[in-house]
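Structure record follows, encoded as structure tokens.
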Amino acid sequence: MAKTSGKNGYRFFDQRFSDAIRDRHRRELELVHAIEHDQFVVYYQPRVEVATGTTCSFEALVRWAHPTRGIVGPDEFIPLAEERDLIVELGELVLDKVCAQLAFWATTGQAVVPVSINVSGKHFRDSRILRVLKEAIDRHGVPPHLVELEITEASVIDGGEEVIHAMHALQKMGIALLVDDFGTGYSSLAQLQRLEFDVLKVDRAFTRELNRSNEGRVLFTAIITMAHALGMRVVAEGVESREQLQTLKALRCDEAQGFYISRPLPPSVSQPMFTHRV
Ligand code: C2E
Ligand code: MG
Ligand code: MG
Ligand code: MG
């Protein structure tokens, strides 16, 4: 390309390249600033029991309350945070916010259900996580069983002994561990059994196929059977229709989450909505 476009081609390329680097650097600084000034808010999306429609948990989903862009979703900054090693700090911020929210709900006399927090692999493998989480729980006076952690398969596979140790220590504290986005990673079933998760969240790619093809339904059925055999509850992610929810009920899937039930909402409007008719 450079050859055919001659001298100017090179310059054009250089210019674009340095623009990209500068832009990246700017976004990085902006993120550091946002963490320092705590520009993050946590939204909550309910997870319901399929059989009863009762909310059994909320998933905490972080958003950046950007001063000029408004509410920015995690896909726009989590990858950068992971790359630039800001994810531990950001993760700790979220842990603290969720514990504070749980304490607030409890002290204002509202019924409280557990909240699951997404923890990135890097953060989960960080040696501080156990202590920091314990401190946040103690500081806010939150019963540990109200905190759950979502981890993707990829982040714990090949994690070695320390990861297994951390997982057991968390479970001993009463903290449930969920596999997030199941089916998108590379973990073997043997590894899944060895890791002893409490809950399996099936990626929405599988939910999407539920009512589209017989294969989709068969696959989902197999996942449920396997998870139950390993002693895990199953959550379907990304439920967007009544038909999907009904199929999940027929398949005896334990729990469901998705836009059909509720979008993620700011905490002020999350709690009152407890039962969803299935
Ligand atoms: P995730 O943990 O798999 O969370 C579910 C994502 O799917 C959320 O996107 C949620 O809004 C979206 N979703 C829920 N129901 C539906 C549905 O019915 N249809 C569709 N199309 N989407 C649905 P969100 O909030 O943009 O989060 C994206 C990802 O960012 C999360 O995926 C999670 O991996 C990551 N993330 C979010 N919050 C945190 C956090 O505090 N820490 C870390 N490390 N990662 C986070
Ligand atoms: Mg999640
Ligand atoms: Mg997920
Ligand atoms: Mg995800």
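Where a number appears in this text, it was derived from the coordinates with a stated rule and is not lab data. Computed from a prediction, not measured in an experiment: that's the story for all the values here. FYI the Cβ positions are ideal-geometry reconstructions off the backbone, even for glycines, and counts take in every protein chain you see.
Grab the eigenvalues of the alpha-carbon gyration tensor for the range 48-130, scale each by 5, take roots, and send me the semi-axes largest first in whole angstrom.
With the √(5λ) rule applied to the range 48-130, the semi-axes are 26, 16, 14 Å.
Counting DSSP beta bridges with both partners in the chain, what percentage is antiparallel, nearest 5?
45
Counting Lys and Arg as +1 and Asp and Glu as -1, each charge on the Cβ, what is the dipole of the range 15-164 about the Cα centre in debye, to the nearest 20?
Charge dipole of the range 15-164: 400 debye, to the nearest 20.
Under the definition of Cα pairs under 8 Å and six or more residues apart, what whole-number percent is the relative contact order of the range 166-278?
That works out to 21 percent.
Looking at the range 73-228, what % of its DSSP beta bridges pair antiparallel, to the nearest 5? Please report the intermediate quantities before stating the final value.
Details: 0 of 12 bridges.
Around 0 percent of the beta bridges assigned by DSSP in the range 73-228 are antiparallel ones.
For the range 166-228, take N as its residue count and report Rg(C-alpha) divided by 2.2 N^0.38 Å.
On the way: Rg = 13.3 Å, N = 63, 2.2 N^0.38 = 10.6 Å.
Relative to the 2.2 N^0.38 Å estimate, the range 166-228 comes out at 1.25.
What is the mean projected area of the alpha carbon convex hull for the range 1-143, to one decimal in square nanometres?
Seen from a random direction, the Cα hull of the range 1-143 projects 13.1 nm² on average.
Ratio of alpha-carbon Rg to the 2.2 N^0.38 Å globular estimate for the chain, to two decimals, please.
Against the compact-globule rule of thumb, the ratio is 1.12.
Quick one: what are the phi-derived ³J(HN,Hα) couplings along the range 18-28, Karplus 6.51/-1.76/1.60 with θ = phi - 60°, whole Hz, x for glycine and proline?
6, 4, 5, 5, 5, 5, 5, 4, 5, 5, 5
Roughly speaking, what is the centre-to-centre gap between the range 98-127 and the range 167-183 when only Cα atoms are used, to the nearest Å?
Each part reduced to its Cα centre gives a spacing of 13 Å.
Which order do the peptides 242-250, 197-205 take when ranked by the mean count of other beta-carbon atoms within 10 Å per residue, highest first?
197-205, 242-250
How large is the charge dipole for the chain, taken about the Cα centre, if only the Cβ atoms of Lys, Arg (+1) and Asp, Glu (-1) carry charge, to the nearest 20 debye?
That gives the chain a dipole magnitude of about 660 debye.
Using modelled amide H (1.01 Å from N, peptide plane; none on Pro or chain starts), what sits under 5 Å from the amide H of Ile157, excluding residues fewer than 5 places away?
For Ile157, whose amide H was placed from the backbone, there are no distant partners under 5 Å.
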